1. Just to be sure, is Thr97 in contact (Cβ under 8 Å) with a residue 60 or more places away in the chain, within 24 Å of Val336 (Cα to Cα), surrounded by 15 or more Cβ atoms within 10 Å (Cβ to Cβ) and touching a helix residue (DSSP H, G or I) at 6+ places or on another chain (Cβ under 8 Å)?
2. In contact (Cβ under 8 Å) with a residue 12 or more places away in the chain, within 17 Å of Ser132 (Cα to Cα) and crowded, with 20+ Cβ neighbours inside 10 Å: is that true of Ala201 in this structure?
3. Among the listed residues Pro138, Pro130, which satisfies the condition of being touching a helix residue (DSSP H, G or I) at 6+ places or on another chain (Cβ under 9 Å) and either among the acidic types (Asp, Glu) or in the same structural domain as Leu198 (by TED's automatic domain parsing) (or both)?
4. Would you check if Leu31 is at pLDDT below 95, surrounded by 14 or more Cβ atoms within 10 Å (Cβ to Cβ) and closer than 21 Å to Arg312 by Cβ?
5. Output the residue which, of all residues in region 169-183 that are of a type in the set (Gly, Ala, Ser) and not in a loop (DSSP other than H, G, I, E, B), is nearest to Gly119 (Cα to Cα).
6. If you take the residues of region 234-267 that are of a type in the set (Gly, Ala, Ser), surrounded by 14 or more Cβ atoms within 10 Å (Cβ to Cβ) and over 22 Å from Thr78 (Cβ atoms), which of them is modelled with the highest pLDDT?
Amino acid sequence: MSVTLVPSLPALPTVAPAPLDVLGVPGEINLDYAASAPCARAAADAVNELLPWYASVHRGAGALSRRCTLAYEKARQTVGDFFGARPDDHVIFTRNTTDALNLLGRALPTGTTVVTFAGEHHANLLPWPPGSVRLPVPADPAGAVRALAAALTELRRDSNPALPVLVSVTGASNVTGERWPVAELARVAHRHGARIALDAAQLAPHAPVDLLALDVDYLAVSGHKLYAPFGAGVLIGRADWLDAAPPYLAGGGATSRVGPATHDVTWATGPARHEGGTPNLLGAVALAAVCTELAGADRAALAAREQALLARLRDGLAALPHVVELRTFGPDAPRVGIVSFVVTGWDSAEVAARLAARHRIGVRDGLFCAHPLARRLLDEAAGRSGRRDLPSTALRASIGLGSTAAEVDRLIEALAELG
């Protein structure tokens, strides 16, 4: 029987500890942050503090309702400030990134063409109207910029130049963790008179995201990826399209007047237009609490700690001959704490179940709601490794504020047993 030695991993550099104490279960190793990050204690504390006061938002004169309305609107301001919202941007609370991008898709002016890349999460592939343009997955970040420039040049030449165009891209891949050149793509989009939307679901938990600095027009984020798993997300962006669109949810709160006749309705403007019904107060407050904590943190130190853990994870996987990492760009491309891989000769679902049952390690298996990209990368991994016994799905390990070197080492040791 062949024996695969566990690679010798260096000590993790000493850096500032994480400012957010994240909740967890002793003995359970959570390496599935990219699906849903654990709850930050700051988020849980903020919710627990408000719960005795819980009441309706925007709908009452009592002390409880007034306090909750203030907390909700303060959360909106906090989240907007954290992401660098411009003074005239709308900050609209949604359920998650998927909900936010669907809202944006519903708000597009008639005739809008949406341009995306085939490497996107389904949330940034499926909400867009027929006639959208899906560009091939590029080989490197520079290739993405060139491909977008070429596509927009052709689009403007072949179609009515007055029709609006929206480019929608991810900030970091949920499959590989690789970062995309958002600022460069934004410059190309604006040079061709297009707007750009950023799916920051995977980028925001790992790095500062600022609309003004990146010069993006719209931003979508999920609270459950950002240590605030209370069912809130956000869409931030330019007001004109959002105020001109029909309400995303028709109902109470989205109106300024309803008359006796059918369709005799005057819709609200601003965020209320798309926040019909009772809003998710607790989700908004939780997300704002995390934003406040991160705003006061040393993000550079946090990034250095994560990158050291990520290097430890990737080096450990690379030392196992039966493990093949998936990647879109080169091995040294910038990335956040997400790694997808396959174990040759093993079904990925079986590996994930074995890790959970025998080692109490939680990872994700499957195609990660990014089927076109994941299937492409699996084919490329087979060609790159020369192995034809790769499974049809992959495994994903993802880290964050609560992750430790010991947890990474446990994963590498468990995978070594499969060699």
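1. yes
2. So Ala201 does not fit the description; no.
3. It is Pro138.
4. no
5. Ala172
6. Only one residue fits best here, namely Ala245.
Residues are listed down the side, and each one gets a yes or a no for (1) out of contact with any His (no Cβ under 8 Å at 6 or more places or on another chain); (2) within 24 Å of Arg179 (Cβ to Cβ):
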{"site": "Val336", "(1), (2)": "no, yes"}
{"site": "Leu355", "(1), (2)": "yes, no"}
{"site": "His359", "(1), (2)": "yes, no"}
{"site": "Leu373", "(1), (2)": "yes, yes"}
{"site": "Ser398", "(1), (2)": "yes, yes"}
{"site": "Arg410", "(1), (2)": "no, no"}
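The rows are residues; the columns are (1) aromatic (Phe, Trp, Tyr); (2) free of Cβ contacts under 8 Å to residues at least 60 places away in the same chain; (3) closer than 16 Å to Leu309 by Cα; (4) not assigned by TED's automatic domain parsing to the domain that holds Gly143.
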| site | (1), (2), (3), (4) |
| --- | --- |
| Val343 | no, no, no, yes |
| Trp346 | yes, no, no, yes |
| Glu350 | no, yes, no, yes |
| Ala374 | no, no, no, yes |
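The values are calculated or read from the model by the stated rules, or taken from the named source; none is laboratory data. Quantities reported herein were computed from a predicted structural model and do not represent experimental measurements. Positions of Cβ are backbone-derived with ideal geometry, glycine not excepted, and every protein chain shown enters the neighbour counts.
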